[in-house]
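Only the coordinates and a few stated rules stand behind these numbers; no lab work does. Keep in mind it's a predicted model, so treat the numbers as computed, not measured. Here the Cβ positions follow ideal geometry from the backbone for every residue, glycine too, while neighbour counts run over all protein chains shown.
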Amino acid sequence: MSDRALVVVRAGALTTVQDRGRPGHAHLGVPRSGALDPPAAALVNRLAGNAPDAAVLETTLNGCALRPRSTVTVAVGGAFCPVAVGGRPAAWGAPVVVPAGELLEVGAAVAGVRAYVAVSGGIAPEPVLGSRSTDLLSGLGPPPLTDGTVLPLGTPAGPPARVDAAPQPRPPAELVLRVTPGPRDDWFTGRAVRELTTRAYRVSSASNRIGLRTEGPALERARTGELPSEGMVLGAVQVPPDGRPVVFLADHPTTGGYPVIAVVRAADLPAAAQAVPGTAVRFVAVRRR
Amino acid sequence: MRVLPVGDDALLVEAASGAEAQALHAELLRRRAEGSLSVREIVPAARTVLLDGLDDPVRRASELTAWDAPAAAPRARELVELPVRYDGPDLAEVAAHWKVSAREVARIHAATEFTVAFCGFAPGFGYLTGLPARYDVPRRATPRTAVPAGSVALAGPYTGVYPRSSPGGWQLIGTTEAVLWDHARVPAALLSPGTRVRFVPVGDA
């Protein structure tokens, strides 16, 4: 069997194909997209012997099950979860061989939200604007996996990494997000700006790949009216009319009309991708570098 | 010009008007093309241009603050003609806002040369300016759950064409057969910021 493909036996709650996304097209209304936890995606690619830009699978909370048609090396990382091959427990965070026709089971996350599954050769649907990422806002890229989907695989770039297990950060008990103020902090009362960085928030279950939604004190505006649409960045803390801050993640819209009170450091966003609903969130004001 | 820092590596440049933002955008593109500006994204919008992914935002900010706003965007050479039937379900409502007949809405709209001020909302959705301010129209009180692809629509000062079927609150005045977005085509977007656009009536509408 030399058929380089992967059959989706159980798609899970939401499993998408992700790589490093399609930055550079925001002026056409195209979101960046890409893996929400880029270090985890890069690590599983390295473990599976792939180039860092190879596409991987990003699962949400309850994993997925896959059957390769040819023998492959896989690596599962990101959210901690049980892994099994042919019904037998296998390693998480390490290269694992899955023989042709055997079932790879990626179980429900024990800690974290999104597990990443790299397969030697990379997941290889047709790229769109240079990326294979599924963009849930605009619908670009391959659709989310469904049971029975057959995914083509690329040609392996090199041998898998020779490691037993690679260290990966634990998902946060408290999500600390460093923020720099602005650009529209002047649209809020001084009290609201202080509240953002002193009060307790929690991750809302309405969070998705577009944004990490929060529950907590509503931030009061100093101005009414609409802000003319303006460009949005990754990590922007946008405040919709209900006053609860939303942190923009990879599938965020390229422009928006709600004021951005602060921006989260990019280095803190992978942890945001792994924070389960209910996790305490603390926004900490830092100086711009 | 007012320059607002956005996070650690982006700047939001605020212009005094939409026209000034378009001129600023054209100038920033020119500087990037000649190699004097290194930035990952240049995102124009209604009154601003976002520079995202700058190497040295602090130095750029002081440079930009010292700029005189460019007078006007150089006229783009590229003109895209979009065939249109003025048969939208909101044509009568727009006519009422404009205080003219539906036929006159079509005539005025087709006689206008538009410019893509910016894109957003969906890949390939352009916000086109060109109509005088007296023709601004409000959004519909209740958005439609599905606006068909190719719908030509008005909201505020803008004209837009829906690249694909999506929910939308704009006033629909016509339809075009033009394919606004095709990711297999190069370029994928028919309209990009700065493109000049004319609507050319087809059929008996």
In deg cm²/dmol, rounded to 500, what helix-only [θ] at 222 nm does chain B give when every DSSP H run of at least 4 residues adds -39500 (n - 2.57) and the total is split over its residues? -6500 deg cm²/dmol
Mean residue ellipticity at 222 nm from the helices of chain A, using -39,500 (n - 2.57) per DSSP H segment of n ≥ 4 over the full residue count, to the nearest 500 deg cm²/dmol? -2000 deg cm²/dmol
With each pseudo-label sitting 7 Å past Cα toward Cβ, what's the residue A:280-residue B:71 distance in nm, one decimal? 6.1
Which ³J(HN,Hα) values, rounded to whole Hz and listed in residue order, are derived for the stretch B:31-40 from phi using the Karplus coefficients 6.51, -1.76 and 1.60 in 6.51 cos²θ - 1.76 cosθ + 1.60 with θ = phi - 60°, glycine and proline given as x? 5, 5, 5, 7, x, 8, 9, 10, 7, 6
At 20 °C and 1.002 mPa s, what whole-number value in µm²/s does Stokes-Einstein give for the translational diffusion of the protein assembly as shown, with Rh from the Kirkwood sum over Cα pairs? 89
Rounded to the nearest 0.05, what FRET efficiency is calculated for residue A:53 and residue A:7 with R0 set to 30 Å and r the Cβ-Cβ distance? 0.80
With the radius of gyration and the Kirkwood radius both derived from the Cα set of the stretch B:99-188, what is their ratio Rg to Rh? 0.96
Using r as the Cβ-Cβ distance of residue B:113 and residue B:177, and R0 as 30 Å, what FRET efficiency do you calculate, to the nearest 0.05? 0.90
Read phi for every residue in the stretch A:247-262 and hand back ³J(HN,Hα) as whole Hz from Karplus 6.51 cos²θ - 1.76 cosθ + 1.60, θ = phi - 60°, with x for Gly and Pro. 9, 6, 10, 4, 8, 5, x, 6, 10, x, x, 9, x, 9, 7, 6
In sequence order, calculated HN-Hα J values of the stretch A:60-68 (Karplus, 6.51, -1.76, 1.60; Hz; x Gly/Pro): 10, 6, 10, x, 6, 9, 9, 10, x
Arrange the following residues from fewest to most other Cβ atoms within 10 Å of their Cβ: B:181, B:67, A:187. B:67, A:187, B:181
Taking the Cα atoms of the stretch A:5-152, report the difference between the largest and smallest coordinate on each principal axis, in whole Å and largest first. 49, 29, 27
Low-density loop trypsin sites (Lys or Arg not before Pro), the stretch B:114-185, at most 10 other Cβ within 10 Å, DSSP non-H/G/I/E/B, are B:185
Sites removed, the longest contiguous part of chain B containing no DSSP-loop GluC sites (Glu not before Pro) with at most 16 other Cβ within 10 Å is B:1-77
For an R0 of 41 angstrom, estimate the FRET efficiency from the Cβ-Cβ distance between residue B:142 and residue B:31 and round to the nearest 0.05. 0.40
Please report the orientation-averaged projected area of the stretch A:181-243, defined via the convex hull of its C-alpha atoms, in nm². 4.6
Can you pull out the trypsin sites (Lys or Arg not before Pro) in the stretch A:106-191 whose DSSP state is coil and whose Cβ has at most 11 other Cβ atoms within 10 Å? A:162
Classified through the alpha carbon gyration tensor (a ≥ b ≥ c as square roots of its eigenvalues; rounded if a/c is under 1.5, else prolate when a/b is larger than b/c, else oblate), the stretch B:2-66 comes out oblate
So if I restrict to the alpha-carbon atoms in chain A, what is the Rg, and what is Dmax, the biggest pairwise distance, in Å? 19.7, 66
For the stretch A:161-200, go through all pairs of different Cα atoms, get the mean of 1/r, take its inverse, and jot down that Kirkwood value in Å. 13.7
To check you understand DSSP bridge types, tell me what percent of the beta bridges within the stretch B:79-201 (both residues inside) are antiparallel, rounded to 5. 75
Inter-part gap, Cα centre of the stretch A:157-196 to Cα centre of the stretch B:46-72, in whole angstrom, is 27
The residues A:224, A:189, A:73, A:149, sorted from fewest to most surrounding Cβ atoms within 10 Å, come out as A:224, A:189, A:149, A:73
